[in-house]
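J.: Here it is, the structure in full.
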Amino acid sequence: MTAELQSAPVTLPSVQEKGEWQPRVVGLDLSLTSTGVAGTNWAYAYRPGRRRSHERLDWLLAAIALSVKDGADLVVVEGAAYAQGGQAGHHELAGLWWLVTQYLWRHRIPYAVVTPHGRTIYATGRANPAQEWPRKDRSRVAKGMVRSVAVERYGVECEGPGRYDQADATILAAMGLDWLGYPTVPVPDSHRRALEAVRWPDLIPAAAN
């Protein structure tokens, strides 16, 4: 979907051409209660508090727009977790997803969509890294594993109530940088295989120059 919506391919400069230059990639882990937003060496969680319905969507969209409007070369958005489609708030969350991607499309900001499993594979090497734990604990343990990767591998201190959302967004941003040819740290091939399942926009990675 995203490839058709973007403008003509853009070739980003190579590291050799720009020295230590890196593209500005933003990761978005969309949530109605705590949206994670991250880039290189930083992460935030936007929490709308008691806002609900249209007011909440409007507040979140405005906050996200501030994070991406000033020169983002690529935004990596987490896609829907379809297994959770029956949960309360799913309809409104889908609305937020479309509002955000529509904003990116309208402002010609290239974006890619990564599944929750793809994000977890890139972080840990496995889609279900807590499979050995009791079923009731798996989600919590897996979130903790991803957060540990964000802190230890990427040096981003994901703290507070939105720490897991910050961590997810950090991994998404790292995926975008890696695909563009500007990985901040080495990542094993067993983790990088997650990049192959992403439908990336019409940007030409520096590695292909």
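The values are calculated or read from the model by the stated rules, or taken from the named source; none is laboratory data. Model, not experiment: these values are computed from the prediction. Here the Cβ is made from the backbone with ideal geometry for all residues, glycine too, and neighbour counts use every protein chain on show.
J.: Only one of 159, 132 is more than 18 Å from residue 44 (Cβ to Cβ) and either modelled with pLDDT under 95 or surrounded by fewer than 14 Cβ atoms within 10 Å (Cβ to Cβ) (or both); which?
T.: 132
J.: Of the residues 170, 120, 115, 124, which is touching a strand residue (DSSP E or B) at 6+ places or on another chain (Cβ under 7 Å) and hydroxyl-bearing (Ser, Thr, Tyr)?
T.: Testing whether each residue is touching a strand residue (DSSP E or B) at 6+ places or on another chain (Cβ under 7 Å) and hydroxyl-bearing (Ser, Thr, Tyr) leaves just 170.
J.: Going through region 100-116 one residue at a time, which ones are over 15 Å from residue 67 (Cα atoms) and among the aliphatic types (A, V, I, L, M)?
T.: Across region 100-116, the qualifying residues are 112, 113, 114.
J.: Something else about it: Sort out which residues of region 118-133 are among the aromatic types (Phe, Trp, Tyr) and either part of a loop (DSSP other than H, G, I, E, B) or within 10 Å of residue 78 (Cα to Cα) (or both), and write them in order of number.
T.: Selection gives 133 alone.
J.: Kindly provide the set of residues from region 166-209 that are in contact with a Cys (Cβ under 6 Å, 6 or more places away or on another chain) and either part of a loop (DSSP other than H, G, I, E, B) or polar (S, T, N, Q) (or both), ordered by number.
T.: 166
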